[in-house]
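Only one structure is covered here, and it is reproduced in the block below.
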Amino acid sequence: MAERKIGIIMNGVTGRMGTNQHLVRSIVAIRNQGGVQLNNGDTIMPDPILIGRNESKLKALADKYEVERWSTDLESALNDSYNEIYFDSQTTVRRAESIKQAIAKGKHIYCEKPTATSVEGSIELARLAQEAGVKNGVVQDKLFLPGLLKLKRLIDSGFFGEMLSVRMEFGYWVFEGDWQPAQRPSWNYRKEDGGGIIVDMFAHWRYVIDNLFGNVKSVSCIGKTHIPERIDEEGERYQATADDAAYATFELDNGVVVQANSSWAVRVNRDDLLTIQVDGTHGSAVAGLRDCKVQHRVNTPKPTWNPDIENPFNFEEQWEEVPSNQEYDNGFKVQWELFLKHIVLDEAFPWDLFEGAKGTQLSDLGLQSWEERRWVDVPDIKA
């Protein structure tokens, strides 16, 4: 049994997502389990070098998680042939330029989304990687959530019959930062720093919708900045210049209609921070991050509209839980393992930079729809 070490440049790991999901729950977890196990008994062992601008934060992370290599010098890390993969979880406004540098050095690319600040920039990255012949992938983590995997199982089994509509509700109350600290960084609320919920969440909704329900054909979107002033990490007031809520409808090429509400200014009265209800001729399902419940047509109650009497139904009790039937690992970690196998074994990895560009495209078109107050068609992106 052989161990294949693979050097990974991890840029932007001092941020919340980079630290928690990519470093701790993915790369460190893979190292702690003994690497990625292959069918022939060999293992892939990721060997990260942590890259960032804050030396003290990098050192603290490296010491805490027993990572030997860290540096503030991205260029030196890119010049080291031992490092085969470049990973980027920086803020969006910094991402594209660093990815271009990594492509020019022949590194394989794995990155968070949005991959760039515009669809043109995202397509440029995809084509540069294609021309350079480097393998590439984009994080599309929600496809690996237990709730969505259960939903995919229902779709593949034909449970819904003809799928009719999808309702997606996402969000929670992000505190303004005065009497309670905010749960999200202040740049999320500044358009000039790449913030905004449309830019953030439509990249997710694109791959969720495309992979589960059908290809997005057109979009209608209204955005809002419900909380115009917030308090930043230093306790200073600032103007929120980016949208903190979006109310969108997507028409799919198969006729399915998807409604998606996204908000950082909503209080949760549902089963989870994200719930997806799918209705079909033969049955319906509601999926959260981990759970999924269903109602088949033979179990569907028959209510009638009568506001003059007490409601005779407890509707929530009339749904059945979909069993797990398997163990679910962290979705970020699962996709990291698939990407590492893609690099070493050339196994299929369909979530490339062109797929990432589709997410940026939908964000751009959602913003255009809001600005022009109209439906906007979604053209194909050609690889």
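The values are calculated or read from the model by the stated rules, or taken from the named source; none is laboratory data. Computed from a predicted model, the values in this text were never measured in an experiment. Positions of Cβ are generated from backbone atoms using ideal geometry, with glycine treated the same way; all protein chains shown enter the neighbour counts.
Looking only at the stretch 70-100, which residues are touching a helix residue (DSSP H, G or I) at 6+ places or on another chain (Cβ under 8 Å) and aromatic (Phe, Trp, Tyr)? If the condition is that a residue be touching a helix residue (DSSP H, G or I) at 6+ places or on another chain (Cβ under 8 Å) and aromatic (Phe, Trp, Tyr), then Trp70, Tyr86, Phe87 are the ones that fit.
Take the stretch 12-33 and flag every residue that is among the aliphatic types (A, V, I, L, M) and in a helix (DSSP H, G or I). Correct list: Met17, Leu23, Val24, Ile27, Val28, Ala29, Ile30.
Against the conditions (1) buried (at least 20 other Cβ atoms within 10 Å of the Cβ); (2) within 22 Å of Leu151 (Cβ to Cβ); (3) not assigned by TED's automatic domain parsing to the domain that holds Ala260, Leu338 satisfies every one except (1). Looking across the stretch 216-233 at every residue that is more than 21 Å from the chain's Cα centre (by Cα) and among the charged types (D, E, K, R), the one that is nearest to Ile197 (Cα to Cα) is identified as Lys224. Looking across the stretch 279-315, the residues that are among the acidic types (Asp, Glu) and part of a loop (DSSP other than H, G, I, E, B) come down to Asp291, Asp308, Glu310. Scanning the stretch 171-217 for residues being of a type in the set (Val, Ile, Thr) and not in a helix (DSSP H, G or I) gives a total of 2. Of the residues making up the stretch 254-265, those that are outside any strand (DSSP E or B) and either surrounded by fewer than 16 Cβ atoms within 10 Å (Cβ to Cβ) or more than 20 Å from the chain's Cα centre (by Cα) (or both) are Asn254, Gly255, Val256.
Matching residues to (1) closer than 20 Å to Phe349 by Cα; (2) free of Cβ contacts under 8 Å to residues at least 12 places away in the same chain:
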site: Ser76; (1), (2): no, yes
site: Tyr82; (1), (2): no, no
site: Gln90; (1), (2): no, no
site: Gln101; (1), (2): no, no
site: Glu120; (1), (2): no, yes
site: Leu128; (1), (2): yes, no
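Close contacts from the stretch 326-350, counting a first residue that is closer than 21 Å to Asp88 by Cα and a second that is part of a helix (DSSP H, G or I) and of a type in the set (Lys, Arg), with Cβ to Cβ under 9 Å and a gap of 6+ residues or different chains, come to Asn330/Arg25; Gly331/Lys142; Phe332/Arg25; Lys333/Arg25; Phe349/Lys341.
Please determine, by comparing only the residues of the stretch 341-380 that are more than 22 Å from His22 (Cβ to Cβ) and polar (S, T, N, Q), which one is surrounded by the most Cβ atoms within 10 Å (Cβ to Cβ). Per the criteria, the residue is Gln361. Restricting the first member to the stretch 232-253 and to residues that are buried (at least 20 other Cβ atoms within 10 Å of the Cβ), and the second to residues that are part of a strand (DSSP E or B) and of a type in the set (Asp, Glu), the beta-carbon pairs closer than 8 Å and six or more apart or on different chains are Ala240/Glu229. Apart from one condition, Asn299 fits all of (1) touching a helix residue (DSSP H, G or I) at 6+ places or on another chain (Cβ under 8 Å); (2) surrounded by fewer than 16 Cβ atoms within 10 Å (Cβ to Cβ); (3) at pLDDT 95 or above; the exception is (3).
Hey, can you tell me all the residues within the stretch 236-258 that are under 23 Å from Lys191 (Cα atoms) and either at pLDDT below 95 or among the aromatic types (Phe, Trp, Tyr) (or both)? Before the answer, list the steps.
Narrowing the stretch 236-258 to residues under 23 Å from Lys191 (Cα atoms): 236-249.
Once the filter is applied, which keeps residues that are under 23 Å from Lys191 (Cα atoms) and either at pLDDT below 95 or among the aromatic types (Phe, Trp, Tyr) (or both), the stretch 236-258 yields Tyr238, Tyr247.
Of everything listed in (1) out of contact with any strand residue (DSSP E or B) (no Cβ under 7 Å at 6 or more places or on another chain); (2) surrounded by fewer than 20 Cβ atoms within 10 Å (Cβ to Cβ); (3) not β-branched (Val, Ile, Thr), the single unmet condition for Gly196 is (2).
Within 21 Å of Ala77 (Cα to Cα), charged (D, E, K, R) and part of a strand (DSSP E or B) - does that describe any residue in the stretch 34-52?
Of all residues in the stretch 34-52, those within 21 Å of Ala77 (Cα to Cα) come to 44-52.
Filter once more, so that each one left must be charged (D, E, K, R): 47.
Still in the running and part of a strand (DSSP E or B): 47.
Yes, there is a match, as at least one residue in the stretch 34-52 is within 21 Å of Ala77 (Cα to Cα), charged (D, E, K, R) and part of a strand (DSSP E or B).
Check every one of the strands (runs of 3 or more DSSP E) wholly within the stretch 62-170 and list those with 2 or more residues that are surrounded by 17 or more Cβ atoms within 10 Å (Cβ to Cβ), at pLDDT 95 or above and more than 17 Å from the chain's Cα centre (by Cα).
Details: elements: 69-71, 83-88, 108-111, 136-138.
Answer list for the stretch 62-170: 69-71, 83-88.
Among the residues of the stretch 330-376, those identified as acidic (Asp, Glu) and either in contact with a helix residue (DSSP H, G or I) (Cβ under 8 Å, 6 or more places away or on another chain) or at positive phi (or both) are Glu337, Asp346, Glu347, Asp352, Glu355, Asp364.
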